[in-house]
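See below for the structure under consideration.
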Amino acid sequence: MTHWFHRNPLKATAPASFNLYGVASSPSANKICNDLRTARVRLLDMFTDSTCTPEVMKKVSDDYFSLLQGFILPLDGTTQESKLRFIHNFKWTDTLQGNIGSAQQDAVFELVSMAFNVAIWYTKFASRLSGKENITEEEAKDVHRSLKIAAGTFKTLKESHIPRLITPAEKGRDLEARVIDTYIIQSQAEAQEVTIARAIELKHNASLIAALAYETANFYQKADHTLNTLDPECSAKWRKYLQLKQDFYMAYAHCYHGQTLLAADKCGEAIRSLQEAEKYYSRAEALCKEYRQTKGPGSTAKPSEQLFFLKLGALIKNTLEKCQRENGFIYFHKVPAEAPALELKASYGLAEPTPFELPALSAQCTPEVYATFDLTKGPKDDKAKAKHDEEIKPVKEPDVKPQKDTGCVIS
């Protein structure tokens with residue numbers, strides 16, 4: 001499959017014991033705490049299990065979130081939130097900030113941080129699958145589906161859950177608007193890359209491919225602009241990726257727009273459009289080198305040496321030569337000084353985020369069991385409270401190297 005995606009590290013977290021001694025005053029209450037601890041550990045293990053599938057991730061994350069909601073939703077019919085919401089301290093790192101975490105004594109903070117990591121997992125699953133040799137059509141659909149799930153999860157967290165936090169997100173942290181907006185937009189753009197590959201494979205109309213490429217380039221531009229006020233130390237490499245993808249898909253758009261113009265007997269404009277494609281391709285090539293040389297979270301891949309990149313260069317060159325030959329034999333059109341404007345709007349193929357839905361509250365979390373959590377009988381779990389400046393051990397992620405691209409595209 002002709003794709004390569006930049007990925008930031010997974011979030012890391014300190015252990016959460018859910019040891020509410022004294023507070024959990026019944027066997028059923030203690031079982032909920034024990035099951036929460038076990039479900040959390042299992043979910044964290046899945047993030048680094050290279051055999052984990054979206055179906056398994058959905059099941060394991062639902063198991064945890066269904067129990068965690070007992071610490072968020074009111075079960076006594078008298079309050080707007082659970083009396084257990086602020087009883088346990090949780091600490092998480094951020095994808096751009098290294099091993100220094102931030103802590104909040106809030107179950108909603110745990111929910112949004114864990115769900116954020118689930119979304120990151122979906123992007124990494126999509127990236128790993130798209131790097132396979134001889135990818136099947138069903139696997140390509142899994143890549144597309146996973147990226148839309150990631151986009152929808154980020155979007156739902158931003159709109160529905162992060163606003164509920166008592167302590168707002170610090171600048172540059174994952175839950176801050178600039179960062180989570182960039183993840184939303186990037187996931188949508190990458191899903192559209194899969195759509196473009198499919199449209200090319202099925203030889204769809206060049207005008208549709210040009211429009212999709214133009215929309216995708218605009219997504220990457222928007223994502224880059226969203227990060228432009230973030231500290232370059234943690235965002236520079238990410239921004240280089242977004243910039244090179246913007247130029248790459250602008251080159252795609254001008255290349256296929258040139259084919260559309262040639263088909264409409266506008267050979268001079270077609271040549272100028274292909275020349276513009278060459279310009280954007282050269283810019284993308286330079287940004288590939290800058291990406292490799294820029295320090296920061298992300299891979300050390302050489303995107304300009306990947307076949308998806310080289311194939312576009314050859315396509316632009318061959319299409320331009322064809323237009324120039326046709327112009328010399330048939331059309332004799334003047335090549336305009338200005339490139340034709342890309343006033344393109346895709347009517348089909350745009351990737352819409354898949355909304356994130358929490359599972360139903362666990363059947364274990366009943367009003368009767370809830371009543372046996374007695375906040376007067378024991379201290380809150382303050383002894384687990386972590387300091388902001390304490391380091392958290394980073395997640396040891398699978399060492400997945402991109403496989404050699406055989407030139408296979410979605411079939």
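Hey, any hits in region 225-248 for a residue that's within 25 Å of ALA140 (Cα to Cα), at pLDDT 95 or above and touching an Asp or Glu at 6+ places or on another chain (Cβ under 6 Å)? Checked region 225-248: at least one residue is within 25 Å of ALA140 (Cα to Cα), at pLDDT 95 or above and touching an Asp or Glu at 6+ places or on another chain (Cβ under 6 Å).
In contact (Cβ under 8 Å) with a residue 60 or more places away in the chain, in a helix (DSSP H, G or I) and over 12 Å from the mean Cα position of the chain (by Cα), is that true of ARG178? It is false that ARG178 is in contact (Cβ under 8 Å) with a residue 60 or more places away in the chain, in a helix (DSSP H, G or I) and over 12 Å from the mean Cα position of the chain (by Cα).
Among the candidates LEU350, LEU344, single out the residue that is modelled with pLDDT under 80, in a loop (DSSP other than H, G, I, E, B), under 23 Å from GLY268 (Cβ atoms) and not acidic (Asp, Glu). One residue alone meets the criteria, LEU344. Would you pick out the residues in region 10-63 that are in a helix (DSSP H, G or I), closer than 17 Å to TYR122 by Cα and in contact with a Leu (Cβ under 9 Å, 6 or more places away or on another chain)? Within region 10-63, PHE47, MET57, VAL60, SER61, ASP62 meet the criteria. Just so you know, in region 126-147 the residues that are at pLDDT below 95 and of a type in the set (Asp, Glu) include one that is surrounded by the most Cβ atoms within 10 Å (Cβ to Cβ), and it is GLU139. Restricting LEU320, LEU361, LEU310, LEU375 to those that are outside any loop (DSSP other than H, G, I, E, B), modelled with pLDDT of 85 or more and not charged (D, E, K, R) reduces the list to LEU320.
If you go through region 308-336 and keep only what is among the hydrophobic types (A, V, I, L, M, F, W, C) and either closer than 30 Å to GLU190 by Cα or open to solvent by less than 90 Å² (accessible area, probe 1.4 Å) (or both), you end up with PHE308, PHE309, LEU310, LEU312, ALA314, LEU315, ILE316, LEU320, CYS323, VAL335.
Whenever a residue of region 25-41 is open to solvent by less than 10 Å² (accessible area, probe 1.4 Å), its partners that are of a type in the set (A, V, I, L, M, F, W, C) and assigned to a helix (DSSP H, G or I), lying with C-beta atoms within less than 7 angstrom and at least six residues away or across chains, give the pairs ALA29/VAL369; ILE32/LEU67; ILE32/VAL369; LEU36/LEU67; LEU36/LEU68. All told, LEU111 falls short of being modelled with pLDDT of 95 or more, within 19 Å of PHE154 (Cα to Cα) and surrounded by fewer than 22 Cβ atoms within 10 Å (Cβ to Cβ).
The values are calculated or read from the model by the stated rules, or taken from the named source; none is laboratory data. These numbers come from a predicted model, not from an experiment. Here Cβ is always computed from backbone atoms with ideal geometry, including for glycine, and neighbour counts include all displayed protein chains. Remember, those area values only see protein heavy atoms, side chains included, never the ligands or the DNA or RNA. Shrake-Rupley method; radii C 1.70, N 1.55, O 1.52, S 1.80 Å.
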